[in-house]
1. Return the subset of K20/K377; K20/K109; K79/K134; K20/K134; K20/K66; K79/K377 for which the Cα-Cα distance in this structure is over 22 Å, preserving the input order.
2. Please compute P(r) over all alpha-carbon pairs of the range 305-432, binned at 5 Å starting from zero, and give each bin as a whole-number percent.
3. Based on alpha-carbon centroids, what's the gap between the range 290-356 and the range 58-95 in Å, whole number please?
4. Taking Cα pairs under 8 Å and at least six residues apart, what relative contact order does the chain come out at, in percent?
5. Considering the zone a paramagnetic label at V99 would reach in this model (a point 7 Å from Cα along the Cα-to-Cβ line), which residues of the range 225-245 have amide N under 15 Å from it?
6. Pulled fully out, how much extra length does the chain show between K175 and T263, if you take 0.36 nm times their separation in residues and subtract their Cα-Cα distance?
7. What is the spin-label model distance, in nm, from S35 to S226 if the labels are put 7 Å beyond Cα along the C-beta direction?
8. By how many nm would the segment from L91 to V418 lengthen if fully extended, with 0.36 nm per residue of separation less the alpha-carbon distance?
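Taken together, the values in this text are just the output of simple stated rules run on the coordinates, not laboratory data. Since we're looking at a predicted model, the values are computed, not measured. Positions of Cβ are generated from backbone atoms using ideal geometry, with glycine treated the same way; all protein chains shown enter the neighbour counts.
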Amino acid sequence: MKKEIIRSTVHLLTLSLIAKILSFFVRIACARVLSAEAMNYYSLTMPTTVFLITLGQMGLPSAVSKIVASRQDYTPVLKASVLLSVINNLLLTVFFMLVIPLLAAVVLKQQVLIPVLRAVVPIIPLVSISGLLKGYFMGRQEIIPPTACQISEEITRILFLIGCFTLAPTTDPVKMASIAVFSMSVGEIGSIVHLGIALKRKKRVLHHVSTLTGSLHWDTVNELLSLSLPMTGSRLIGSLTSFLEPMCLVLFADVLLQQQLITTYGQLNGYIMPLLTLPSFATIALSNWLLPSFTYQASRHRMDHARRQFFQIGLCCLFIGCASGLTLFCFAEPICQLLYHQTQMVPLLRSLTLPFILYSIQPCLSSVLHALGRSQKAMIDTTCGCLTRLACVSFLTIPLGTQAVGIALVSGMLVTTVLHLGRVLRCLFQDEKAVLLPEA
């Protein structure tokens, strides 16, 4: 059993590392190829993209993963998840297409962003399809397909970007940003193809897929929604915060400070965040594996084993975060020079690296809260962290200027992580029966 866990973990980390390297290569390529103006357009569009992805998935992948791991007959769950996903994506896509001009002109105050925002539309249904497939495989504790498909996704995206910028080079910043955004959809297609091939190889899966046209019980829909909506709430609040943050930054600032803030915000999202979140290739992969595995053990009243899994994964995530944070702190300048050919962002990067070590355990804590049925509590913690972040941006921008951007990011992250940690420890050291009871 231990050998199997070690082997699975090694495979998971290896595949995740390869996928993260490829993803990082895409970010570096975009940072080098895109002009400064195109990178600003791309950065301004990303919060909206993340927000739409969260709405499109509606927490269904994680909910499917948890339910499939805890029961034998999961076919009704697959039916309900497909139905909900189709309805949700259809409504969301139509609504977003209608509000794009208003969003660009009034909210983002950049009329030129309309083509870039339209490039986001295809990713809404595509990311939902890939998310459901990944959730199914993770629920079955088959970690290789959903992890390996990330490699296919990044390779497809790289080939698309190389083809576009080589065969049809352009200097128009709007077109460049649109191509960079649309490449995400192309990558999702590669991921779906990979998962579809893996699904076809499993005859038992095809048997379940053939029964999806049968009758649908609404109790399953309600059960799925009771799990997915709180999970969506946590992610939606985080996405909404990223969406509102740029507006709060420039709300009370004068014209000169606005330009400085936009530059700092572009550096943070375009250059610094990819480095700070570098350990996430491992921590998120381990946390995604922990959710169905912890649920499987807890649903069978093996809480000692479930606790041991949590502490092993949590310590592993913390170790990865420490290694990455210390490396960035000590070698920030040569790393930025090597990757980006510029070092203006080094002071801000160095000030954020050590606090961000704690971010490495946040996905693990969130997975355990969802597995224990505390999704609503996790959403409350996320809300507190996001409100702290927006408050710092709103009230510290005028007195502190560009420093408020980094302070807001760290403050929000620390509040959410500390609250998550307190809840998880309290749950795990309660009486076993109390832990396993559904949340009121």
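1. In this structure, K20/K377; K20/K109; K20/K66; K79/K377 exceed 22 Å between Cα atoms.
2. P(r) for the range 305-432, in whole percents per bin: 2, 11, 16, 17, 17, 14, 11, 7, 4, 1, 0.
3. Result: 29 Å between the Cα centres.
4. 20 percent
5. 236-237, 239-245
6. Using 0.36 nm per residue and subtracting the Cα-Cα distance, I get 29.6 nm.
7. 5.6 nm
8. Going from the current span to full extension adds 114.1 nm.
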